[in-house]
Each structure stands twice: as C-alpha cells, then as structure tokens.
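First the structure, in the form of structure tokens, and then the observations on it.
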Amino acid sequence: TARTAPRTVPGCGLRNAGNTCWLNATLQCLSHTPILQQLLLADFSGGKQLRGIGGLLRDHVAASVSATGGAIEPRGVLENLSSIAK
C-alpha cells in the first residue's frame, strides 16, 4: 500500500527586504518541506531546544504558518544571516 505524504500547513508569503528574493525562495522551500515543517513545529517540551539555525527556522516557520494571507518579513533570519553563513 502507498503511504500518503504528510501535508504541510500553508503559510503566508515573504516580503522582499532589499535583495532577499533568493533567501525568500529558499525559506519558502524549507518551510514547506513536510518532514522539516513537522520537526520544526513539534513540541520540544521534553528538554530539547533548537538553537542556532534550527531555532531561527522554527521561529520563521511558526510565524509563516500562523499568518494567513499577506506577507511577513523573515526578520530573524535576516538579522542573523552573517552568523548563519559562517
């Protein structure tokens, strides 16, 4: 029997903050990858906390799926881009 692929939660668009179209496209792809979305939105109350890029992606995905329509600016990722890119 074929397994049904997990569904992602639709979110909002991303606002271009200057020259961020490539970053936005990447974030949209990552945010709507079913297994990654489920992992990032899972309850980590058992003591496991995502840090660094994992925490930033979790916050971004949570903001994206909680907004209905419109667009958000991926501010947390943008503000930490220099430390992510190291």
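The table for this structure:
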read-out: Test for Ala42: is it touching a residue at least 40 places away in the same chain (Cβ under 8 Å) and more than 11 Å from the chain's Cα centre (by Cα); value: no
read-out: Residue check for Gln28: out of contact with any Pro (no Cβ under 8 Å at 6 or more places or on another chain), open to solvent by 80 Å² or more (accessible area, probe 1.4 Å) and either at pLDDT 80 or above or not aromatic (Phe, Trp, Tyr) (or both); value: no
read-out: Region 70-80, residues that are out of contact with any Cys (no Cβ under 9 Å at 6 or more places or on another chain) and surrounded by 13 or more Cβ atoms within 10 Å (Cβ to Cβ); value: Glu73, Pro74, Arg75, Gly76, Val77, Leu78, Asn80
read-out: Residues satisfying the stated conditions in region 53-69, i.e. under 14 Å from Leu23 (Cβ atoms), free of Cβ contacts under 8 Å to residues at least 40 places away in the same chain and open to solvent by less than 30 Å² (accessible area, probe 1.4 Å); value: Leu57, His60
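The values are calculated or read from the model by the stated rules, or taken from the named source; none is laboratory data. On a predicted model such as this, the values are computed, not experimentally measured, just so you know. Cβ sites come from the backbone with ideal geometry, for glycine too, and all protein chains shown count toward neighbours. Protein only, heavy atoms only, side chains kept; ligands, DNA and RNA dropped before computing areas. Shrake-Rupley method; radii C 1.70, N 1.55, O 1.52, S 1.80 Å.
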